[in-house]
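Everything below concerns the one structure shown next.
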Amino acid sequence: MDEALRILERYQGEARVLAGGQSLVPMMNFRLATPAAIVDLNRVAGLAGIAETDGAVSIGAMARQRQIEFAPLIAEKLPLLGAAMRWIGHLPTRTRGTIGGSIAHADPSAEIPMVLQALEGEIVARGSQGERRIAAQDLFHAALTTSLAPLEIITEVRLPAMPAQAGYAVEEFARRKGDFAIAAVAVTLVRDGERCTKARLATAGVGPIPIRLRDAEAVLEQKGLSEDAITEAADKAAAEVDPVSDLNGSAEYRRHLTGVLTSRAVAKAIAAGA
């Protein structure tokens, strides 16, 4: 890692880091990225482990998405993340793609940044000045833009372990299986009977960055998990997003999808919870 950081410093922002290459290589093929040098992290030791420490799960930035999808510790402690992995691209891309690469690329439609928000995780970034932790809410600034410095590399992703009784769900709409999400919602709930003691919801594909749906969370935590509360939470979710329009759908279409997917995901999370 020290050598990789020295190379980045030598090229002063003109080099790019290669993890799984599932985003960088296509961008280079289309000449959307023309780095002066490629810093390949694939032979850096110790960047792909998955372990539990102090109530949180630590995932090395080079852990492959397919590895995370089937890791027993992820299934036990972070089932929402495991569920989200199955929505990512196709088998070949998940086999090569990494958790750190997806977060650093910051594609608005990516599932991993959405889950990072829903689970209130953080990343560990390393640069020439040492390490620093960046919370999910402070990481994403705009489409394909994060608060990482040009000479920093993500080394680790840390996510608090989900309560054993938590319900969870990921709902996504895309044109075809494996396509980029036109809209997606991730939900995790902790319930006590009809009461909801903790609700966390986040989006992908709707706006330039993944966001927490805090107004929808507040409705569920204050009014419970009745059908009326779910409907109100879905309406709040649709109202608090700032959608983009593109060839895949208008802003109003994405706003509508956000409400529909929120309702479906909350209902599924309730059914999945203890």
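Some observations on this one:
- Residue check, GLU14 exposed (fewer than 15 other Cβ atoms within 10 Å of the Cβ), under 20 Å from GLY127 (Cα atoms) and either out of contact with any strand residue (DSSP E or B) (no Cβ under 8 Å at 6 or more places or on another chain) or aromatic (Phe, Trp, Tyr) (or both): no
- For ASN248, the conditions (1) over 19 Å from TYR168 (Cβ atoms); (2) modelled with pLDDT under 95; (3) in contact with a strand residue (DSSP E or B) (Cβ under 7 Å, 6 or more places away or on another chain) are fulfilled apart from (3).
- Residues being open to solvent by less than 10 Å² (accessible area, probe 1.4 Å) and under 13 Å from LEU159 (Cα atoms) - total across segment 70-85: 5
Per-residue answers, yes or no, for (1) within 21 Å of GLN129 (Cα to Cα); (2) within 25 Å of the chain's Cα centre (by Cα); (3) buried (at least 17 other Cβ atoms within 10 Å of the Cβ):
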position: GLU3; (1), (2), (3): yes, no, no
position: LEU24; (1), (2), (3): no, yes, yes
position: ALA33; (1), (2), (3): no, yes, no
position: LEU41; (1), (2), (3): yes, yes, yes
position: ILE50; (1), (2), (3): no, yes, yes
position: VAL57; (1), (2), (3): no, yes, yes
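Yes or no, residue by residue, for (1) within 20 Å of ILE182 (Cβ to Cβ); (2) touching a His at 6+ places or on another chain (Cβ under 7 Å); (3) in contact (Cβ under 8 Å) with a residue 60 or more places away in the chain; (4) open to solvent by 60 Å² or more (accessible area, probe 1.4 Å):
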{"residue": "GLU221", "(1), (2), (3), (4)": "no, no, no, yes"}
{"residue": "SER226", "(1), (2), (3), (4)": "no, no, no, no"}
{"residue": "ALA229", "(1), (2), (3), (4)": "no, no, no, no"}
{"residue": "LYS236", "(1), (2), (3), (4)": "no, no, no, yes"}
{"residue": "ALA239", "(1), (2), (3), (4)": "yes, no, no, yes"}
{"residue": "VAL244", "(1), (2), (3), (4)": "yes, no, yes, no"}
{"residue": "SER250", "(1), (2), (3), (4)": "yes, no, no, no"}
{"residue": "ARG255", "(1), (2), (3), (4)": "yes, no, no, yes"}
{"residue": "ARG264", "(1), (2), (3), (4)": "yes, no, yes, yes"}
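The values are calculated or read from the model by the stated rules, or taken from the named source; none is laboratory data. Everything numeric here is computed off the predicted structure, so don't read it as measured data. Methodologically, a virtual Cβ is constructed for each residue, glycine included, from the backbone with ideal geometry; neighbour enumeration extends over all protein chains shown. To get the accessible areas, we keep the full protein, side chains included, count just its heavy atoms, and leave off ligands, DNA and RNA. Shrake-Rupley method; radii C 1.70, N 1.55, O 1.52, S 1.80 Å.
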